[in-house]
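Here's the structure, in structure tokens; my notes come after.
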């Protein structure tokens, strides 16, 4: 049997139950999810599925990641709500490719861990299964393991296995709709020009679960904990001198609004103003042990987060740091747009 896998949280319990009721069946996993956006989220979910399949001793095949094909298939259905027509098209697309792969491999039946997801319509999935079964002349098995506390057991098992618990189904349209309802910025779709790994970003979670995988393989005893914190995203920012010229600048920290910063004191490459610390590029190079030739180079290739955090720790009284080529006394106009919100992230605790 070829089992289409959507994510580790759904597959861990689904595959466990599947092996219990079909002990003689050889099951192979097939990760085909072109609906997942962005690509970093796709990589994270595949990493976690791979980790769990290895634990369960189940072979895994990765399908083609072709979001452009998925977008073309759901064209015109962008505004559909979850469990609407877009989901039907999405289910049929993924099951059809699974059926095609099963035929190539000589498998006689397929199924999907989507049946385990509490956010998906079992009726829609069953209808898609019937359609694909008829078209490809292959048995599509429908299992409802959600019943009799199955969903509760699923989440308990996912927690025990320390799996990645994503907070949206995967597709960009459902994600945008969900964040709009929460009145929260869609941070998953925001990436800085310099490609820094931002707090609680998908990229940070990807590195986090690589560490989880590493710890497990090394036999390190640890636990996962969730903590709330105040997150932010700097959307844009610029600085103007007294002549109204826009100066090349790199912002460290966040501020929302327009204000004037008066620099009255310059000392050893630092310009001090209320709530804002200006840092000349040569001084910044010494702080991070880099050799940036200009601020533009810094913008597109910033130092790693650890070095940025060291600057914050060194000057705790300044919420905003701005690096410019040179600092002069006088008044600077700062314009910035940021968003602040309550967020949750996971942390590793060594036992």
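The values are calculated or read from the model by the stated rules, or taken from the named source; none is laboratory data. Note that this is a predicted model, so its numbers are computed, not measured. Because the Cβ atoms are built from the backbone with ideal geometry, glycine has one as well, and the counts that use them run over all protein chains shown.
List every residue pair whose Cβ atoms sit under 7 Å apart, with the two residues 6 or more apart in sequence or on different chains, where the first one lies in the range 11-39 and is not assigned by TED's automatic domain parsing to the domain that holds residue 143 and the second, anywhere, is at pLDDT 95 or above.
none
Only one residue in 72, 20, 78, 26 is surrounded by fewer than 16 Cβ atoms within 10 Å (Cβ to Cβ), modelled with pLDDT of 95 or more and closer than 30 Å to residue 198 by Cβ, so which one is that?
Only one candidate passes the filter, namely 78.
Test each condition in (1) outside any helix (DSSP H, G or I); (2) free of Cβ contacts under 8 Å to residues at least 60 places away in the same chain; (3) within 25 Å of residue 346 (Cβ to Cβ) for residue 148 and report the one that comes out false.
Failing condition for residue 148: (3).
For the range 166-225, how many residues are in a loop (DSSP other than H, G, I, E, B) and either in contact (Cβ under 8 Å) with a residue 40 or more places away in the chain or within 27 Å of residue 296 (Cα to Cα) (or both)?
Counting residues in the range 166-225 that are in a loop (DSSP other than H, G, I, E, B) and either in contact (Cβ under 8 Å) with a residue 40 or more places away in the chain or within 27 Å of residue 296 (Cα to Cα) (or both) gives 21.
Report yes if residue 63 is within 27 Å of residue 162 (Cα to Cα), in contact with a helix residue (DSSP H, G or I) (Cβ under 9 Å, 6 or more places away or on another chain) and surrounded by fewer than 19 Cβ atoms within 10 Å (Cβ to Cβ), otherwise no.
Taking the combined requirement at face value, the residue satisfies it.
May I ask you to say which residue of 266, 239 is at pLDDT 95 or above, surrounded by 13 or more Cβ atoms within 10 Å (Cβ to Cβ), out of contact with any helix residue (DSSP H, G or I) (no Cβ under 6 Å at 6 or more places or on another chain) and under 11 Å from residue 324 (Cβ atoms)?
239
In this structure, does residue 140 turn out to be farther than 12 Å from residue 4 by Cβ and either at pLDDT below 95 or surrounded by 16 or more Cβ atoms within 10 Å (Cβ to Cβ) (or both)?
Considered against the rule, which asks whether it is farther than 12 Å from residue 4 by Cβ and either at pLDDT below 95 or surrounded by 16 or more Cβ atoms within 10 Å (Cβ to Cβ) (or both), residue 140 comes out as no.
Confirm whether residue 163 is at negative phi, in contact with a helix residue (DSSP H, G or I) (Cβ under 6 Å, 6 or more places away or on another chain) and outside any helix (DSSP H, G or I).
When the stated conditions are applied, residue 163 passes them.
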